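As structure tokens, the structure follows; a few thoughts come after it.
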Amino acid sequence: MRGRQVRAMETGLTGLWKRVKMYKEAYFMLAPFTLLFVTFTIVPILAALYFSFTSFNMLQKPEWVGAANYTRLFFTDDVFLIAVKNTLLFAFITGPIGYLLSFMFAWFINDLGPKLRSVLTLIFYAPSLAGNVFFIWLYLFSGDAYGFANSKLMSYGIIKEPILWLTDPKYNFTIVVLVIIWLSMGAGFLAFIAGLQTVDTSLNEAGVIDGIQNRWQELWYITIPQMVPQLLFGAVMTIATSFAVGYQSMALTGFPSTDYSTHTIVLHLLDYGAIRFEMGYASAIAVVLFAGMLFVWNVLQKSLRKISD
């Protein structure tokens with residue numbers, strides 16, 4: 001049995017080497033990307049996984065502590081549990097809404113003329129291009145009487161005193177959700193626009209013969225199955241964006257926010273990694289965040305595969 005396994009391994013390695021020699025030009029062209037991917041993606045992930053089991057302050061050698069960081073994370077760090085709750089709320093509210101809005105807007109403007117479609121695409125994508133667009137929302141929801149929302153509400157007699165929109169936990173979470181949805185027209189939106197341009201429209205006529213009665217059925221039975229690659233790419237970008245919420249809430253509600261009302265896993269990671277320099281504990285936070293994103297991605301991938309089948 002062991003001899004068979006060894007022979008199979010040798011055959012596999014020999015076959016791999018033959019394929020490399022046969023398609024050496026293709027492998028040569030892939031080499032730069034592979035090198036960058038391994039260096040800046042695979043190696044950091046493995047390093048974070050290793051450091052998550054150590055106590056490391058970037059000045060002394062890492063000290064192996066086993067699962068102590070994870071035990072502390074889930075059983076003694078109350079702020080982390082708040083961050084997990086907020087992150088999941090942000091992800092499951094803004095993720096699906098942003099994903100659906102991106103696709104629906106792309107679908108609605110796809111049938112317009114090229115010039116108008118280009119203008120609308122730029123308008124929807126513009127917030128993602130801007131570096132710091134939060135000053136608009138800081139003005140709209142400023143906590144003094146000169147903020148746009150407060151000034152209007154007070155002028156109409158709806159409120160008598162200014163509302164602290166960005167520091168009051170009753171309001172700031174909702175405002176951050178609105179801003180994230182406003183910023184959701186990113187790379188996924190562009191992928192949907194590009195994917196809709198490649199859809200075979202001749203199938204629509206065949207669909208009418210087969211019983212397609214309206215555009216919604218056409219979308220579900222003809223358009224979406226042809227756009228699975230773009231839908232998967234959009235799902236990846238949406239998951240990455242929705243689980244990486246942190247800098248948006250920090251720019252709007254401060255760091256830390258009142259009662260940690262908009263505190264997220266990314267901000268918790270930033271706190272321990274960039275401020276306290278507890279890199280072992282920060283690595284454990286990063287591993288948990290990565291595992292959560294990977295789990296959600298696998299669920300979405302299976303769901304989209306079922307739709308395409």
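Structure notes:
- Extreme residue, surrounded by the most Cβ atoms within 10 Å (Cβ to Cβ), among residues of the stretch 182-217 that are hydroxyl-bearing (Ser, Thr, Tyr) and part of a loop (DSSP other than H, G, I, E, B): Ser184
- Taking first residues from the stretch 120-148 that are at pLDDT 85 or above and partners that are acidic (Asp, Glu) and surrounded by 13 or more Cβ atoms within 10 Å (Cβ to Cβ), the Cβ contacts under 9 Å between residues at least 6 apart in sequence or on separate chains come to Gly143/Asp168.
- So Ile175, is it surrounded by 18 or more Cβ atoms within 10 Å (Cβ to Cβ), under 20 Å from Phe233 (Cβ atoms) and of a type in the set (Val, Ile, Thr): no
- Count of the stretch 34-91 residues, restricted to those that are closer than 14 Å to Ile265 by Cβ, aliphatic (A, V, I, L, M) and modelled with pLDDT of 90 or more, is 9.
- Test: residue in the stretch 228-239 that is modelled with pLDDT of 80 or more, surrounded by fewer than 18 Cβ atoms within 10 Å (Cβ to Cβ) and not β-branched (Val, Ile, Thr): yes
- Residues of the stretch 282-309 satisfying the condition of being in contact with a Phe, Trp or Tyr (Cβ under 9 Å, 6 or more places away or on another chain), modelled with pLDDT of 80 or more and among the β-branched types (Val, Ile, Thr): Ile285, Val287, Val288, Val296
- Being surrounded by fewer than 13 Cβ atoms within 10 Å (Cβ to Cβ), in contact with a helix residue (DSSP H, G or I) (Cβ under 9 Å, 6 or more places away or on another chain) and of a type in the set (Phe, Trp, Tyr) is not true of Phe80.
- Check on Leu140, touching a Phe, Trp or Tyr at 6+ places or on another chain (Cβ under 9 Å) and closer than 23 Å to Tyr260 by Cβ: no
- For Tyr156, the conditions (1) loosely packed, with under 11 Cβ neighbours inside 10 Å; (2) at pLDDT 90 or above are fulfilled apart from (2).
- Hey, Val179 modelled with pLDDT under 90 and either in a loop (DSSP other than H, G, I, E, B) or of a type in the set (Lys, Arg) (or both) or not: no
The values are calculated or read from the model by the stated rules, or taken from the named source; none is laboratory data. Source: prediction; values computed, not measured. With ideal geometry, Cβ positions are generated from the backbone for all residues, glycine too; neighbour counts draw on all protein chains shown.
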